[in-house]
Structure formats: C-alpha cells, structure tokens
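**Student:** My questions will all concern the structure given below.
The values are calculated or read from the model by the stated rules, or taken from the named source; none is laboratory data. The structure displayed is predicted, hence computed values, not measured ones. Virtual Cβ from ideal backbone geometry, glycine too; neighbours counted across all protein chains shown.
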Amino acid sequence: MNKIKLSEMDANFKNEVASKSGAEHFKRCFTCGTCTASCPVAEVNDDYDPRKLIRMILLGMKKETLSSDTIWMCSRCYTCYALCPQGVKFTDVLGVLRDMAVKEGYVPRERLEQAREMDKRIQKLRCELINQKLNPNDGKKDSIKCLLEDELNKKWIQEEK
Ligand code: SF4
Ligand code: SF4
C-alpha cells in the first residue's frame with residue numbers, strides 16, 4: 001500500500017459508514033483476523049482482506065476504499081458474519097460500501113446489478129462443474145464451456161471517475 005497522507009483522509013468517513021443500516025457496529029472490530037482467516041475469497045486472492053478494509057474505513061481512506069476493486073470481490077457467503085466475535089456483520093458493511101460507491105459516483109449505477117448477475121452465473125457454473133465431476137458422462141461439458149466463455153467475454157461498464 002502507498003504511504004497514507006493524513007491531510008487527505010476523511011475523518012468523518014467512519015461515522016458516515018456507521019450511520020448506515022447494517023454497518024452500525026463495524027467500529028467494534030478489534031482486528032482479530034477471524035474474518036480474513038475464514039474468508040473463501042481471501043483464501044484465493046491475496047489482495048482481498050476484510051480486516052484491512054475495516055482499517056481503511058477507520059483511517060478515513062474514503063476514496064481508496066470506495067474506488068477499490070476489492071469491495072466487488074466478496075461472494076457474500078456470510079462466513080465472516082457468522083464467525084465475527086464482535087458482531088461486526090462485515091457482509092452488510094460491504095453492502096453499505098458498495099451502495100456508497102454507486103451513490104457517490106465511484107462506479108456506474110449498473111455495477112450492483114452486474115455484480116449480482118455475475119454471482120448468480122458463478123453459482124450456476126459451480127453447480128454445473130460439481131455435477132460434471134459426479135456425473136462425467138452426462139454430456140454437459142459444452143454448456144459449461146459456453147457459460148464460461150460467455151462470462152469471460154462480458155465487460156463491466158467502465159468507471160465514471
Ligand atoms: S472477525 Fe470481526 S472483530 Fe475480527 S477482524 Fe474481522 S471484523 Fe474485526
Ligand atoms: S461474506 Fe465476503 S468477506 Fe465475508 S467471508 Fe464471505 S466472501 Fe469473505
């Protein structure tokens with residue numbers, strides 16, 4: 001991460017986030033790391049770290065947080081939500097960050113819908129792949145290939161700022 005310049009931080013960002021429904025308790029975080037250690041996305045993506053995102057909010061790194069690609073990586077599995085000893089409800093905090101990113105123009109309005117749609121397709125792909133492992137002879141390889149190629153060829157609308 002680049003150096004943090006205190007003069008560029010937004011001291012009110014943490015209060016703004018905590019005022020939104022679902023994120024009221026995020027300041028309770030005591031950095032235990034349970035969320036990061038249990039997160040299936042963090043397991044495969046070194047850049048994704050729920051605990052770090054919470055620190056960024058607390059430090060007032062509004063622009064960096066709301067324009068970060070990582071807030072779109074969460075698969076909303078709720079594992080961290082269930083395991084957090086402080087009841088931070090990180091999955092909901094993430095939802096608040098996504099809403100703010102859209103409302104404040106960091107990403108196009110369509111991004112939320114695109115993310116939801118892609119999550120659905122990824123779950124479909126996952127089910128198809130598991131089915132393929134369990135039933136390798138049911139001839140569905142081509143539909144899996146099509147699903148994957150279709151998703152790879154889709155672009156999300158470019159950021160507005
Ligand atoms: S599990 Fe909860 S308390 Fe621990 S780092 Fe994550 S959000 Fe903070
Ligand atoms: S809800 Fe998101 S951040 Fe929490 S464990 Fe699941 S993928 Fe990770």
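**Student:** On the basis of being without any contact (Cβ under 8 Å) to a residue 60 or more places away in the chain and away from ligand 2 (no atom under 15 Å from the Cβ), does residue 56 make the cut?
**Tutor:** Criteria not met by residue 56.
**Student:** Okay, next question. Can you find a residue that is assigned to a loop (DSSP other than H, G, I, E, B), more than 27 Å from residue 57 (Cβ to Cβ) and outside the structural domain of residue 50 (by TED's automatic domain parsing) anywhere in segment 110-130? Walk me through how you get there before you give the answer.
**Tutor:** Of all residues in segment 110-130, those assigned to a loop (DSSP other than H, G, I, E, B) come to 110.
Okay, now just the ones that are also more than 27 Å from residue 57 (Cβ to Cβ), so none.
Checked against the condition, which is being assigned to a loop (DSSP other than H, G, I, E, B), more than 27 Å from residue 57 (Cβ to Cβ) and outside the structural domain of residue 50 (by TED's automatic domain parsing), segment 110-130 yields no hits at all.
**Student:** Now a separate question. Among the residues that make up segment 138-159, is at least one of them in contact with a Phe, Trp or Tyr (Cβ under 8 Å, 6 or more places away or on another chain) and more than 21 Å from residue 20 (Cα to Cα)?
**Tutor:** Yes; the residues of segment 138-159 include at least one that is in contact with a Phe, Trp or Tyr (Cβ under 8 Å, 6 or more places away or on another chain) and more than 21 Å from residue 20 (Cα to Cα).
**Student:** Hey, among 21, 75, 38, 7, which residue is at pLDDT below 95, among the small types (Gly, Ala, Ser) and farther than 20 Å from residue 115 by Cα?
**Tutor:** 7
**Student:** Of all helices (runs of 4 or more DSSP H) completely enclosed by segment 1-104, which ones contain at least 1 residues that are within 14 Å of ligand 1 (Cβ to nearest atom), crowded, with 20+ Cβ neighbours inside 10 Å and within 15 Å of the chain's Cα centre (by Cα)?
**Tutor:** 34-38, 40-44, 50-59, 79-83, 90-103
**Student:** May I pose another question? Within segment 53-76, which residues are farther than 12 Å from residue 91 by Cα and hydroxyl-bearing (Ser, Thr, Tyr)?
**Tutor:** Of everything in segment 53-76, those that are farther than 12 Å from residue 91 by Cα and hydroxyl-bearing (Ser, Thr, Tyr) turn out to be 65, 67, 68, 70.
**Student:** If I filter segment 134-153 for residues that are of a type in the set (Ser, Thr, Tyr) and more than 30 Å from residue 27 (Cα to Cα), do I get at least one hit?
**Tutor:** The answer is yes, given that some residue of segment 134-153 is of a type in the set (Ser, Thr, Tyr) and more than 30 Å from residue 27 (Cα to Cα).
**Student:** Next question. Considering each residue of segment 60-81, count those that are under 24 Å from residue 124 (Cα atoms) and aliphatic (A, V, I, L, M), and give that number. Full working, then the answer.
**Tutor:** To start, the set of residues in segment 60-81 that are under 24 Å from residue 124 (Cα atoms) comprises 69-81.
Still in the running and aliphatic (A, V, I, L, M): 71, 73.
So the answer is 2.
**Student:** Let me ask something else about it. Using the structure shown, decide if residue 107 is without any contact (Cβ under 8 Å) to a residue 12 or more places away in the chain, in contact with a helix residue (DSSP H, G or I) (Cβ under 8 Å, 6 or more places away or on another chain) and among the aliphatic types (A, V, I, L, M).
**Tutor:** Against the criterion (without any contact (Cβ under 8 Å) to a residue 12 or more places away in the chain, in contact with a helix residue (DSSP H, G or I) (Cβ under 8 Å, 6 or more places away or on another chain) and among the aliphatic types (A, V, I, L, M)), residue 107 does not qualify.
**Student:** Filter segment 133-144 down to the residues that are surrounded by fewer than 11 Cβ atoms within 10 Å (Cβ to Cβ) and in a helix (DSSP H, G or I) and list them by number.
**Tutor:** If the condition is that a residue be surrounded by fewer than 11 Cβ atoms within 10 Å (Cβ to Cβ) and in a helix (DSSP H, G or I), then 133, 134, 142 are the ones that fit.
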